[in-house]
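See below for the structure under consideration.
The values are calculated or read from the model by the stated rules, or taken from the named source; none is laboratory data. These figures come from a predicted structure and were not determined experimentally. Note: ideal-geometry Cβ built from the backbone for every residue, glycine included; neighbour counts use all protein chains shown.
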């Protein structure tokens with residue numbers, strides 16, 4: 001019996017050292033030893049994840065995920081993907097992921113409940129307008145008069161109410177698809193998204209719509225930086241931050257951004 | 001014996017008083033034990049501190065409660081115009097299903113199909129289909145408002161249920177009353193209007209109160225197509241604070257409204273039972 005146990009222990013030790021070379025800082029800190037479980041949205045949207053298939057590594061967040069995993073010492077096949085909603089990510093209690101990546105903006109209030117990695121992307125907010133409102137000037141005065149929509153669970157909502165201060169009450173929705181539907185039904189003139197999402201929606205999802213302006217990311221008190229979400233007090237945070245710092249220094253993060261989010265230039269700033 | 005007489009109580013009364021005291025003590029003790037268990041043992045669970053911070057956060061509640069109350073006005077507004085429309089449409093559907101004349105058979109089929117479809121489809125699906133679908137046909141503003149079409153979705157779904165309750169009320173009026181009224185020379189229409197319906201409606205008031213309570217909660221489903229009513233507003237706060245307390249706040253507001261309504265429905269139900277017996 002003891003012999004069998006010791007063989008098992010040896011086998012376990014072997015497999016774990018095989019997966020995590022040189023006792024990397026993530027050893028013993030993940031849900032499943034030797035695997036990194038990453039959560040994304042359901043569905044995950046372009047350009048963050050292509051074709052709702054993060055396993056392919058295609059799309060900005062999928063690519064960053066694999067780069068971070070590699071940096072942390074995980075092989076590509078040791079990355080396990082799960083899906084989670086925003087609510088699952090913030091509920092108290094055990095999580096089914098090690099890190100969660102779905103364009104979570106880092107805010108002070110959220111940081112009290114969960115842990116965020118260092119930011120991996122700084123996303124300016126951008127204004128997407130319906131086909132009927134493409135002539136709107138990118139000024140706050142002009143924007144104020146539009147009928148607004150946004151996804152209710154995003155930081156677009158405080159931006160909308162604090163900065164744009166629309167003259168009629170904005171309509172809020174559960175996800176991007178519902179905002180699309182409302183814009184297609186001409187129920188809203190404009191919606192606020194992060195710039196890459198807005199560009200994708202205007203190019204692919206809503207015919208005739210246009211991104212007419214973006215807010216400079218550094219001018220607001222809420223710069224909308226995306227971070228990987230982890231359970232509060234997660235021991236993994238230090239490793240993830242370390243990996244992200246290494247990727248930033250080596251220029252790899254910038255290269256990934258250039259690959260997947262390259263057309264975010266040329267959108268006028270809102271005054 | 002003499003002492004009991006002096007106290008003004010018979011032996012029987014004394015026994016009953018003792019029984020009452022005894023059951024009071026047992027009820028009080030068992031309630032105390034249950035409450036004490038909840039108060040003592042729930043906080044001893046390892047995750048309590050986290051759960052308390054996430055769901056019962058005093059600061060978050062105080063911050064968000066006034067704005068939730070404000071958003072609740074939208075619920076009341078939608079409720080206020082939907083409820084009468086539901087009552088009217090529900091009654092019409094019930095009458096359509098009750099049409100006796102062979103020439104009106106298409107009306108009966110319509111009534112049956114209507115209740116089958118709208119009772120069978122989940123409310124949220126109807127809200128999506130009508131709330132986004134009909135405005136998507138190209139209606140100009142303000143006629144494509146989610147308030148209008150979302151309310152219509154609620155009205156259609158709820159009138160299907162309400163119609164069935166009215167129908168059960170109509171069926172509960174005995175056939176002999178119709179026959180009697182007809183033999184007095186009243187027309188079919190007069191029989192329905194003056195004899196059957198007044199009794200039928202009175203019979204189903206308690207059941208319809210339950211529909212009102214359910215409707216009051218389901219108004220929140222309109223949040224899926226845009227209106228920022230209390231549920232959506234709570235969701236916004238939840239996302240910003242990464243805390244579920246605003247939902248608890250919303251639940252409190254709902255309870256403040258629904259508990260008296262439920263009690264009133266119970267009262268009506270009890271009163272009806274008494275009146276009938």
> For the range A:137-154, what are the residues that are part of a helix (DSSP H, G or I) and crowded, with 20+ Cβ neighbours inside 10 Å?
Replying inline: A:143
> Looking at residue A:126, is it out of contact with any helix residue (DSSP H, G or I) (no Cβ under 6 Å at 6 or more places or on another chain) and away from chain B (no Cβ under 14 Å)?
Replying inline: no
>> Let me confirm something: among B:71, B:96, B:80, B:103, which residue is closer than 25 Å to residue B:244 by Cα and either surrounded by 13 or more Cβ atoms within 10 Å (Cβ to Cβ) or assigned by TED's automatic domain parsing to the domain that holds residue B:168 (or both)?
In response: B:71
>> Checking the conditions here, which among B:64, B:45 is under 26 Å from residue B:216 (Cα atoms), within 12 Å of chain A (Cβ to nearest Cβ), modelled with pLDDT under 95 and more than 25 Å from the chain's Cα centre (by Cα)?
In response: B:64
> Would the range A:155-172 turn up any residue that is touching a residue at least 40 places away in the same chain (Cβ under 8 Å) and in a loop (DSSP other than H, G, I, E, B)?
Replying inline: yes
> If we only count helices (runs of 4 or more DSSP H) wholly inside the range B:145-250, which ones have 3 or more residues that are within 14 Å of another protein chain (Cβ to nearest Cβ) and in contact with a helix residue (DSSP H, G or I) (Cβ under 6 Å, 6 or more places away or on another chain)?
Replying inline: B:146-172, B:230-241
> Do we find that residue A:90 is within 14 Å of chain B (Cβ to nearest Cβ), touching a strand residue (DSSP E or B) at 6+ places or on another chain (Cβ under 7 Å), crowded, with 19+ Cβ neighbours inside 10 Å and at negative phi in this structure?
Replying inline: yes
>> Looking for something in contact with a helix residue (DSSP H, G or I) (Cβ under 9 Å, 6 or more places away or on another chain), crowded, with 22+ Cβ neighbours inside 10 Å and assigned to a loop (DSSP other than H, G, I, E, B) - is there at least one such residue anywhere in the range A:129-136?
In response: yes
> Among A:192, A:160, which is the only one that is under 27 Å from residue A:121 (Cβ atoms), more than 9 Å from chain B (Cβ to nearest Cβ) and touching a helix residue (DSSP H, G or I) at 6+ places or on another chain (Cβ under 6 Å)?
Replying inline: A:192
>> For the list (1) modelled with pLDDT under 90; (2) not in a loop (DSSP other than H, G, I, E, B), I need the number of the one condition that residue B:134 fails.
In response: (1)
> Restricting attention to the range B:174-199, and to residues there that are in contact (Cβ under 8 Å) with a residue 24 or more places away in the chain and surrounded by fewer than 18 Cβ atoms within 10 Å (Cβ to Cβ), which single residue is farthest from residue B:272 (Cα to Cα)?
Replying inline: B:188
> Has the range B:91-98 got any residue that is more than 30 Å from residue B:164 (Cβ to Cβ) and assigned to a helix (DSSP H, G or I)?
Replying inline: no
>> I'm checking my understanding of the structure. Among residues of the range A:173-195 that are in contact (Cβ under 8 Å) with a residue 60 or more places away in the chain and not in a loop (DSSP other than H, G, I, E, B), which one is surrounded by the most Cβ atoms within 10 Å (Cβ to Cβ)?
In response: A:191
> Do you know which residues across the range B:46-57 are without any contact (Cβ under 8 Å) to a residue 24 or more places away in the chain and closer than 20 Å to residue A:87 by Cα?
Replying inline: B:47, B:48, B:49, B:50, B:51, B:52
> Taking the stated definitions as given, is residue A:198 not in a helix (DSSP H, G or I) and not assigned by TED's automatic domain parsing to the domain that holds residue A:107?
Replying inline: no
